[in-house]
Amino acid sequence: MAISMPAIIANIAEPLLGLLDTGIAGHLGAPQYIGAVAVGAMMMNVLYWNFGFLRMGTSGLTAQAYGSGSRQAQVDTLQRSSAIALIVGIAMVAMQVPIRWLLLLIMSPGHEVAQFASTYFNIVIWGAPAVLVTMAIKGWLLGMQDSRSPMIISIGVNVLNVVVSLVAVYVLDMGFKGIAIGTLTAVWVGAVYACWRVRHRFSAIVKELHLARALNLKGSGRFFKVSSDIFVRCIFMLAVNMFFIRAGALGGDIILAVNTLIQQLFHLFSYFMDGIAFAGEAVAGKYYGAGNHRLMHRCVRWLFMWSVSLTMVFVLAYSLFPHDIFSLFTSDRQVVTTAMYYHWWCSIVPLVSFAAFVWDGVFIGVTATRGMLTAVATACAIFFLLYFTLPTSLGNHALWISFVAFLTTRSLVQTAIWLHKFPIKSP
């Protein structure tokens, strides 16, 4: 819980504080500004999503190094992941023109929104090296059993983003560009603070960092194997999520709004589950690195006990008070009325997905990333196969049935892989 709670707090704080960017844009006098912030932020999120291995791969390898007591492995993982993050970030800045063109082509916003989104992207992209290095450092800190520092970094970056954006927009009169400048300033300050935090808490390890060793690819095979598995997995996940949004949009504005509401409730649930998953990365990885499979299995049992307890709280709330919860998100009666036809999916999705969150954390901790990739690839195939074979008379329910099958398949495949890889032995 000492690892989970800071992660949960950081997960909840980020989207809440991020809403203020939209609020600032909403008071600039044109609705296109709101859409531009949403599209611009989505462009950056899609870009960074595919490099999630810089955090996930780093945390698992670091946790194992921590558990085994290998100082050199801890040093190597930090300097290697940070160097790769910096190189990739610089490459993003250098290739920003074709990247921007491709992302706008995929999202296809209106002409005016696209222009403002391009302005936002052109400024914020210069923070790519800072964002990716911070991701790597946060993963390393989590592997070192420190989730409090990543929480402080995440909340600090978001608060600073809001403060600088407000000053830039309303005090310095920079208009829409001020929002992007606020984001750019915050991520670079956050990266500098993250580096300082590591130096302050782990000074002995920082003294052993060596630039030449960081750029030496010798011994990097395991890191790249783990990273490539996670990278491809992210592409499969992105394909499902983007298709889900597109399929909902084809159902009309009301269906899109309903699906968005239910997805937001799922995201709220996921913030708590991710906190438990982070604990799995750190603690299960530590015991795996120490070669203590007995405590590793005990850790997994506790993770499932906590996740089941939290899941039941969400299931009960979503089952008993769906109308009240929907009404908190929107005052549109038609959207709320339509959402009530689909409200059971709010309860079903947590039930079938909690195991996938737990297994993701544990698999990252023990660097069983090929199992994660296998599970998501299989689930992705099931999702699309089911969606395109279900009768059209099911309407939007077909999309949710397919999504539930996707989550269920992930959970079942990862459970089977775990039991095969680490069979539970009788005492």
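Would you kindly calculate the translational diffusion coefficient of segment 270-328, applying Stokes-Einstein with the Kirkwood radius from alpha carbon pairs, for 25 °C and a viscosity of 0.890 mPa s, and quote it in µm² s⁻¹ without decimals?
D = 188 µm²/s.
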Helix-only estimate, please: 222 nm mean residue ellipticity of the chain, summing -39500 (n - 2.57) across DSSP H runs of length 4 or more and dividing by its residues, to the nearest 500.
-28000 deg cm²/dmol
Grab the Cα-Cα distance for ALA204 and SER70, subtract it from 0.36 nm times how many residues apart they are, and report the gain in nm with one decimal.
46.9 nm
For the chain, compute Rg over Rh where Rg is the Cα radius of gyration and Rh is the Kirkwood radius from the inverse mean 1/r over Cα pairs.
0.96
In a Gaussian network model over the chain where Cα atoms closer than 10 Å are linked, find which of GLY280, GLY110, GLY69 has the largest mean-square fluctuation.
GLY110
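At 25 °C and 0.890 mPa s, grab the translational diffusion coefficient of segment 308-387 from Stokes-Einstein with a Kirkwood Rh over Cα pairs, rounded to a whole number in µm² per second.
Values: Rh = 14.9 Å.
Estimated via Stokes-Einstein, D reaches 164 µm²/s.
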Taking only Cα atoms of segment 230-421, radius of gyration then Dmax in Å
17.6, 57
Determine, from the Cβ-Cβ distance of VAL313 and ASN241 and an R0 of 22 Å, the FRET efficiency 1/(1 + (r/R0)^6), rounded to the nearest 0.05.
0.30
Pairwise label distance in nanometres, ASP173 with MET1, each label 7 Å out on the Cα-Cβ vector
5.4
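Given R₀ = 25 Å, what would the calculated FRET efficiency be for ASN50 paired with ASN122, taking r from the Cβ atoms and rounding to 0.05?
Values: r = 20 Å, r/R0 = 0.80.
It comes out at approximately 0.80.
Please report the projected area of segment 4-217's Cα convex hull averaged over all directions, in nm².
Mean shadow area of the hull around the Cα atoms is 12.1 nm².
Mind checking which helices in the chain clear 24 Å along their axis (Cα) and have mean Kyte-Doolittle hydropathy of 0.0 or more, DSSP H runs only?
Values: long enough: 4-26 (34 Å, 1.13); 31-49 (27 Å, 1.01); 71-94 (35 Å, 0.79); 148-166 (27 Å, 1.48); 177-201 (36 Å, 0.52); 221-250 (44 Å, 1.18); 253-279 (39 Å, 1.19); 293-320 (40 Å, 0.90); 344-365 (33 Å, 1.54); 369-389 (30 Å, 1.48); 396-421 (38 Å, 0.63).
Those that clear 24 Å and a mean of 0.0 are 4-26, 31-49, 71-94, 148-166, 177-201, 221-250, 253-279, 293-320, 344-365, 369-389, 396-421.
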Using a Förster distance of 35 Å, the FRET efficiency for ILE254-VAL97 (Cβ separation, nearest 0.05)
0.40
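Values in this text are rule-based calculations from the coordinates and carry no lab data. All values derive from a computational prediction rather than experimental measurement. Ideal geometry is used to build each Cβ from the backbone, glycine not excepted, and the neighbour counts take in all protein chains shown.
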